[in-house]
1. State which residue is nearest to L5 (Cα to Cα) when the search covers only region 114-137 and only residues that are in a helix (DSSP H, G or I) and more than 12 Å from the chain's Cα centre (by Cα).
2. What pairs come out if I take residues in region 160-183 that are farther than 15 Å from S130 by Cα and aliphatic (A, V, I, L, M) and pair them with residues that are modelled with pLDDT of 70 or more and in a loop (DSSP other than H, G, I, E, B) whose C-beta lies under 6 Å away, six or more apart or interchain?
3. Restricting attention to region 131-140, and to residues there that are under 22 Å from G105 (Cβ atoms) and without any contact (Cβ under 8 Å) to a residue 60 or more places away in the chain, which single residue is surrounded by the most Cβ atoms within 10 Å (Cβ to Cβ)?
4. Check region 56-63 and report whether any residue there is surrounded by 13 or more Cβ atoms within 10 Å (Cβ to Cβ), in contact (Cβ under 8 Å) with a residue 24 or more places away in the chain and of a type in the set (K, R).
5. With (1) modelled with pLDDT under 90; (2) over 27 Å from T41 (Cα atoms) as the list, and F147 as the residue in question, which single condition is left unmet?
6. For region 70-111, what are the residues that are out of contact with any helix residue (DSSP H, G or I) (no Cβ under 9 Å at 6 or more places or on another chain) and more than 20 Å from G37 (Cα to Cα)?
7. Report whether or not R99 is among the basic types (K, R), free of Cβ contacts under 8 Å to residues at least 12 places away in the same chain and more than 19 Å from V56 (Cα to Cα).
8. I'd like to verify a number: residues in region 10-57 that are in contact with a Leu (Cβ under 6 Å, 6 or more places away or on another chain) and β-branched (V, I, T), how many?
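The values are calculated or read from the model by the stated rules, or taken from the named source; none is laboratory data. Note that the structure is predicted; figures quoted are calculated from it, not measured. Note that each Cβ is placed from the backbone with ideal geometry, even for glycine, and that neighbours are counted across all protein chains shown.
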Amino acid sequence: MNFILETERLALREWAADDAEALHVLMGDPEVMRYIGDGKTWDIGQVREWIGKLNVSYRTRGFSRWAVVEKESGLTVGSCGFALLPWSGEIDFGYMYRRDRWGRGYASEIGPAVLRHGFERYGFSEVVASIDPQNDASRRVLLKLGFVYRRNEVQPGDDEESEIYVATNPAGAAAASKASRTE
């Protein structure tokens, strides 16, 4: 299996079609989805479609939200990576993990490696992250990862306000983005 990057306990890889059930454990869980998107769970068909879109993004842009795998168990326990926000052109950092893996420090472990990968491999000058203002746990993770609050906004197609945080490339704000920002 080809990993994009590894940490002590976790590895990041492209999604496979047979990952749908593992991803559905996350996206079918109301507690996991509580602060993601519209807060609604996804059925297995929606999950399969999303995996396809993630893999298209990876093939066309070189980045995506990837599968997070526990190295010891081989279990797919989450998702972490980047997406292009179509309404702003910004690079969005996002993550989610199975509820039975919450509290193990996975977001804080793999997050810095993923951000470093984005800054070094793709030359992102900055990366944003959007959270529900009530999601204190994600706010703590983002602050721990070095994100700083930038603004509140209502994203297109959303009725709810989000808090937008930003992490800046430590190599300097002038770092040129290597990622294509076109669809």
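1. For region 114-137, the residue satisfying everything is H117.
2. A173/S125; A175/G123; A175/S125; A175/N169; A176/G123; A179/Y122
3. Top of the filtered list is R139.
4. Looking through region 56-63, at least one residue is surrounded by 13 or more Cβ atoms within 10 Å (Cβ to Cβ), in contact (Cβ under 8 Å) with a residue 24 or more places away in the chain and of a type in the set (K, R).
5. (1)
6. Residues satisfying the conditions are K71, E72, S73, G74, R101, G103, R104, G105, Y106, E109, I110.
7. no
8. 2
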